[in-house]
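K.L.:
The structure's right below; bear with me while I get my questions together.
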Amino acid sequence: MAYYENKIDDALKFLLSHQLTNPMGDKPIVYVVYEPSDAIEIEKLINSIIMPKVKFWGFKTIDVIRMGKVIDEAIQSSKNLKWYSSNRFKEKMLFKGIAKEISDSKYMSNAILDKQKELSSKEKPLIIITELEMLHPFERIGSFENDHYNDIQVPMLILYPGTSKGFARSYLGVNEMDGSYRSKNF
């Protein structure tokens, strides 16, 4: 896991220096890309390694957004939950209905933007976003970044399951590399 620890250090140093000076106008959003098979290990690192490093590098107000929890909240708060849980619908139709409702509501985007608004007045804030493997096919973090790039003010460290090359990323290592991102990969 030392490989990931180094990537996390590099990402946090970048975010910290980004707060001090940013002549290029880039937004404070970075991805720590990890092998999808290491997802459980990465989750274990959040409390044991990542949080101590975040504090070491000087971030004071830290919040972790777990996409699995966000998706669960979206489903639980659905007006159609009773309908979804009835026995009249086939699983595939049920899943498509839930996926469409979550996507249409922009629940994930709103959760991130609401958290940013909450932390924006705090001292040295950082948002850590994890469990991205739970998003597909509901929403995509890349779509969030493209839609809200100019709105990002609070530094974000995104733990991303996949592969990367330069600015391009591949979700879970199975999608084609997408190089349309302006954020930095580690």
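K.L.:
What does the accessible area per residue of the chain come to in Å², with a 1.4 Å probe and no ligands, DNA or RNA counted?
P.N.:
Dividing the accessible area of the chain by its residue count gives 55 Å².
K.L.:
With a Cα-only, solvent-free Debye model of the chain, what are the log10 I(q)/I(0) values at q = 0.12 Å⁻¹?
P.N.:
Those come out to -0.59, one per q.
K.L.:
Order the following by accessible area, largest value first: THR61, THR130. Probe radius 1.4 Å; ligands, DNA and RNA are ignored. Can you show the working numbers first?
P.N.:
Working: THR61 35, THR130 0 Å².
Ranked list, largest accessible area first: THR61, THR130.
K.L.:
Could you pull the accessible area for LEU172 with a 1.4 Å probe, rounded to 10 Å²?
P.N.:
The accessible area comes out at roughly 60 Å².
K.L.:
With a 1.4 Å probe and all protein chains left in place, how much of the accessible area of the chain comes from carbon and sulfur atoms, in whole percent?
P.N.:
In the chain, the share of accessible area belonging to carbon and sulfur is 52 percent.
K.L.:
Once both labels are modelled 7 Å past Cα along the beta-carbon direction, what's the ASN146-SER180 spacing in nm?
P.N.:
Inter-label distance under the simple model: 0.2 nm.
K.L.:
If you don't mind, another one. To the nearest 10 Å², what's LYS55's accessible area with a 1.4 Å probe?
P.N.:
130
The values are calculated or read from the model by the stated rules, or taken from the named source; none is laboratory data. Nothing here was measured: the structure is a model prediction, and the numbers come from that model. Don't worry about glycine lacking a Cβ; one is built from the backbone with ideal geometry, like all the others, and counts go over all protein chains shown. Note: accessible area is taken over every heavy atom of the protein model, side chains too, but ligands, DNA and RNA are not part of it. Shrake-Rupley method; radii C 1.70, N 1.55, O 1.52, S 1.80 Å.
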